[in-house]
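Below is one structure, written out as structure tokens; the observations come after it.
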Amino acid sequence: MPSLIKVARMKHLVDEPSEERKIHSRSVPTIGGIIIFAAILFSYSLWFPQASELSYKMDGYKKLYMEMGASYKDFKFVIATMVLLFFIGVKDDIIGFSPVKKLFGHMIVGYILVVLGGVRIHDMHGIFGLYELPVEVSIAFSFFTYVVLVNAFNLIDGVDGLAAGIGLIAATAYGIWLYWAGDVALALLAFTLAGALVGFLVFNFHPARIFMGDSGSLIIGAIISVLAMRVIDHDISRLPRWLASVPTPLFAMSVIAYPIVDTFRIFFVRMMKGKSPFAADRNHIHHRLIELGLGHRGVTAVLYLYAITIISLSLITRDILPNKGLMVLGTTALVLAVLPFAISTRTKE
């Protein structure tokens with residue numbers, strides 16, 4: 001990473017504080033996603049489990065064969081989409097990428113993951129009274145989930161250490177869940193992402209020496225979307241009893257609550273003002289916390305706590321019926337998200 005920072009400065013691959021919405025006051029290299037990508041690719045490929053490891057607590061060769069096939073299928077499509085997203089992100093970080101071409105790239109990645117790879121949500125497990133989804137609905141909803149999560153992690157990348165820290169919390173939560181569920185291969189994907197982000201945070205925590213850029217945020221969002229969708233439809237028979245009682249859709253949503261809530265809130269606010277939902281501004285939650293005087297470290301600490309609180313709440317409310325649990329989680333997440341804006345208003349008055 002120090003070598004990459006040096007090269008980025010020499011070649012002027014930096015983000016200048018040229019726009020009012022930007023918080024940093026000095027030029028910072030923007031290609032940290034290169035190292036995140038390299039770290040994940042290296043570790044995920046090197047440590048991908050052998051057949052003997054995948055057969056942990058399995059009975060019968062047929063089941064072993066099926067789970068090995070599913071694991072290698074995920075491996076193949078995740079690597080392919082990571083490479084594609086990496087080059088889309090690098091091009092955007094260095095010379096820019098038109099929104100139309102970027103959208104086309106996401107459509108290709110979504111098609112590879114959802115249609116070819118079969119990474120999609122098949123069952124809502126009683127949420128909103130829905131259970132098994134029709135194939136067309138499942139594909140459309142899963143594609144929407146992928147697009148929202150990829151863009152959500154891109155949008156929250158506005159404060160030193162925020163996107164990487166939220167990604168670390170999400171990857172760790174999914175990794176622990178998947179490991180306890182007996183899925184070594186997917187747990188490895190989660191933990192390699194978490195490990196890469198730990199290393200990146202050393203250089204990204206305030207004052208940041210480098211930003212991840214789109215090359216990092218797109219990969220984080222894509223991997224988190226794969227993990228979230230796999231958790232929702234995962235076999236829970238090997239989970240501890242207390243964790244198996246948490247509805248998988250609620251747990252999956254609680255882990256990514258902050259980026260999802262902030263993204264939908266900012267889109268709603270922009271449309272209410274008659275603006276494009278994709279028009280950049282300073283109305284994110286992290287912008288408001290900065291205005292309240294918390295600073296970069298304070299903002300990241302508060303939003304890390306927000307993410308951990310919602311995850312913990314999903315475990316505490318595990319015995320509540322799915323829709324009631326969703327109401328509790330959703331209401332709490334929304335109230336906590338709008339609270340900084342209410343405090344700010346009273347302070348100005």
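Coordinate-derived values only; no laboratory data. All values derive from a computational prediction rather than experimental measurement. Neighbour counts are summed over all protein chains in view; Cβ atoms, including those assigned to glycine, are modelled from backbone coordinates with ideal geometry.
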Suppose the chain between T309 and R26 were pulled fully straight at 0.36 nm per residue; how much longer would it get relative to their current alpha carbon spacing?
98.6 nm
Per its Cα gyration tensor (rounded if a/c is under 1.5, else prolate when a/b beats b/c, else oblate), region 98-194 is best filed as oblate
From phi via Karplus (6.51, -1.76, 1.60), per-residue ³J(HN,Hα) for region 180-188 in Hz, x at Gly/Pro:
5, 7, x, 9, 5, 5, 6, 4, 4
Protection proxy ranking, peptides 117-126, 220-229, average beta carbon neighbours within 10 Å, highest first
220-229, 117-126
Relative contact order of the chain (C-alpha contacts under 8 Å, at least 6 apart) in percent is 21
Give me the dipole magnitude in Debye, nearest 20, for region 174-287 about the Cα centre, with unit charges on the beta carbon: positive for Lys and Arg, negative for Asp and Glu.
360
Exposure proxy check on E291, E132: fewest-to-most Cβ neighbours within 10 Å is E132, E291
Given labels modelled 7 Å from the Cα in the Cβ direction, how far is it in nm from R238 to S98?
4.8
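I need the calculated FRET efficiency for the pair I108 and S45, taking r as the beta carbon distance and R₀ as 22 Å, to the nearest 0.05. Kindly include the intermediate steps, with their values, before the conclusion.
Details: r = 22 Å, r/R0 = 1.01.
After rounding to 0.05, the efficiency reads 0.50.
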Using the crude model of +1 on Lys and Arg Cβ and -1 on Asp and Glu Cβ, and no other charge, please compute the dipole size for region 252-322 relative to its Cα centre, in debye to 20.
240
Run the numbers on region 202-349 and let me know its relative contact order in percent, using alpha-carbon pairs under 8 Å that are six or more apart.
27
Given charges at beta-carbon only (K, R positive; D, E negative), |dipole| of the chain in Debye
500
Post the alpha-carbon centroid distance, region 179-242 to region 245-276, in whole angstrom.
19
Note: L116 to N323 extended length (0.36 nm per residue) minus current alpha-carbon separation gives 71.4 nm
For Y179 and N283 in the same chain, what is the full-extension length gain: residue separation times 0.36 nm, less their Cα-Cα distance, in nm?
33.7 nm
Which one, I220, F141, P207, is farthest towards the positive end of the dipole of region 115-237 when Lys and Arg carry +1 and Asp and Glu -1 on their Cβ?
P207
Looking only at chymotrypsin sites (Phe, Trp or Tyr not before Pro) in DSSP loops with at most 15 other Cβ atoms within 10 Å, what is the longest site-free stretch of the chain?
132-277
